[in-house]
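Notes follow once the structure below has been shown.
The values are calculated or read from the model by the stated rules, or taken from the named source; none is laboratory data. A quick note: this is a predicted structure, and the numbers were derived from the prediction, not measured. Cβ sites come from the backbone with ideal geometry, for glycine too, and all protein chains shown count toward neighbours.
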Amino acid sequence: MGLTRVASVIMRASRNLSSRPGKEPSMLEVQGLTRYYGRFRALHDVSFRVDAHQVVGLLGLNGAGKSTTLKILAGLLMPSSGSVRVGDVDATFAPNRLRRRIGFLPEHPPLYDEMRVDEFVGWCGQMKGMSRTEVARRLPEVFELCGLGDVRQQVIGTLSHGFRKRVGIAQAIVHAPDLVLLDEPVSGLDPHQIVGMRATVRALGEHATVIVSSHILSEVEQTCDRILVLDGGRLVADGTEDELSRRFGTGNRLELDLRGTEGDVRAILEGHPAVRDVEVARVGDGIVRASVALDGDVREELVRALVEANIGVRRVEEGEGELERIFLRLTTEASDEASEEARA
């Protein structure tokens, strides 16, 4: 099935799913989540709230606490302290009810290679409390949403890694959960499979609240409405990309290739009142590359000032990677604070 057809099928299926009568939107509320493994503290006082139908990225380096958080949200791991509520269900008092409202895709989903796709996903539905009739009615929608229609009768052991990931998502959503948790859903996928997975994740957000764990910044940027940043088991940032840029970023950023000396270029750029930060490096004979953080869009003023100072302007582009800069800054600062706390 081509990518265009897959995207069309996914969006049609998501509209069908979101229009089911009687389906209440969900909301996730996490308060003071802490988890110890022996004496090691994997999570520390993590709190956040997610509205219905948001697609939220859980971003962090390896070992930041992402998988531990998802396992607790999925009801597979109890917190040392803190609470999790999905809609009106409190995990502390009704963990079984909580599991029925949640779908979970682990990074390495446990699949039965000897079963056919339709057999396995149907069996998972029954294990989650669905009747045979409900499963039979639900499977076509799930296979359409996950792009599995053409392989639904294939044995799982014969599938590619990308299709195995899709089977993992199918088992996670077969029971129409309110909250879908995806742990590193694009891990190991090729570029074409990643494009299809992005469409699937966005479509899931049409009818459920979705949390996507990832350490890949570009995937979080392209699929998520909001970002939670974990570092060392602590929640160090929470907001949309624009909100994080305003709070932690360095404003608009320009990348320039200029003809002049490093000293002259730096002096002109740092002398402009709208310039917040300047990085300058020599990249060739008489050519300097500058990365400039700005308060507001003052590109024309800045270029005019450079030209008037006899600095040759060879290239001007909007800077990229603002989220990457923020992420590196947040995780570095949080790690430094944690180290100081450990020494205290």
Practice problem: Kindly list, by first and then second residue, each pair from a residue in segment 51-65 that is in the same structural domain as LEU28 (by TED's automatic domain parsing) and on the phi > 0 side of the Ramachandran plot to a residue that is buried (at least 16 other Cβ atoms within 10 Å of the Cβ) and of a type in the set (Gly, Ala, Ser), limited to pairs with Cβ atoms under 6 Å and residues at least 6 apart or on different chains. | Solution: HIS53/GLY205; GLY65/ALA42; GLY65/GLY233
Quiz item: Among the candidates GLU221, GLU206, GLU144, which residue alone is in a loop (DSSP other than H, G, I, E, B), charged (D, E, K, R) and in the same structural domain as GLU107 (by TED's automatic domain parsing)?
Solution: GLU206
Quiz item: What are the pairs, 6+ residues apart or on separate chains, where a residue within segment 302-316 that is within 15 Å of VAL292 (Cβ to Cβ) has its Cβ under 8 Å from a residue that is modelled with pLDDT of 90 or more and of a type in the set (S, T, N, Q)?
Solution: none
Exercise. Check off (1) of a type in the set (D, E, K, R); (2) more than 30 Å from ASP225 (Cα to Cα); (3) modelled with pLDDT of 85 or more for GLU255 and give me the number that stays unchecked.
Key: (2)
Quiz item: In segment 336-343, is there at least one residue being modelled with pLDDT of 65 or more and either aromatic (Phe, Trp, Tyr) or out of contact with any Lys or Arg (no Cβ under 8 Å at 6 or more places or on another chain) (or both)?
Solution: no
Exercise. May I ask you to verify whether VAL180 is in contact with a strand residue (DSSP E or B) (Cβ under 9 Å, 6 or more places away or on another chain) and farther than 24 Å from LEU328 by Cα?
Key: yes
Practice problem: Select from segment 62-100 the residues that are farther than 16 Å from PHE40 by Cβ, under 23 Å from the mean Cα position of the chain (by Cα) and assigned to a loop (DSSP other than H, G, I, E, B) and list them in ascending order. | Solution: ALA74, GLY75, LEU76, GLY87
Practice problem: Only one of these is modelled with pLDDT under 95 and under 14 Å from the mean Cα position of the chain (by Cα): ILE268, ILE216. Name it. | Solution: ILE216
Quiz item: Tally time: how many residues in segment 50-61 are in a loop (DSSP other than H, G, I, E, B) and either hydroxyl-bearing (Ser, Thr, Tyr) or in contact with a helix residue (DSSP H, G or I) (Cβ under 7 Å, 6 or more places away or on another chain) (or both)?
Solution: 2
Quiz item: Given the residues ARG259, ARG276, which is the only one that is in contact with a Ser or Thr (Cβ under 6 Å, 6 or more places away or on another chain), basic (Lys, Arg), in the same structural domain as GLY312 (by TED's automatic domain parsing) and surrounded by fewer than 19 Cβ atoms within 10 Å (Cβ to Cβ)?
Solution: ARG276
Exercise. Could you tell me whether any residue of segment 200-212 is out of contact with any Cys (no Cβ under 8 Å at 6 or more places or on another chain) and either among the hydroxyl-bearing types (Ser, Thr, Tyr) or farther than 27 Å from GLN126 by Cα (or both)?
Key: yes
Exercise. State whether one or more residues within segment 159-167 are touching a Lys or Arg at 6+ places or on another chain (Cβ under 7 Å), surrounded by fewer than 18 Cβ atoms within 10 Å (Cβ to Cβ), at pLDDT below 95 and closer than 25 Å to GLY205 by Cβ.
Key: no
Quiz item: Which of the residues that make up segment 101-126 are within 23 Å of the chain's Cα centre (by Cα) and either part of a helix (DSSP H, G or I) or within 21 Å of GLY157 (Cβ to Cβ) (or both)?
Solution: LEU105, PRO106, GLU107, HIS108, PRO109, PRO110
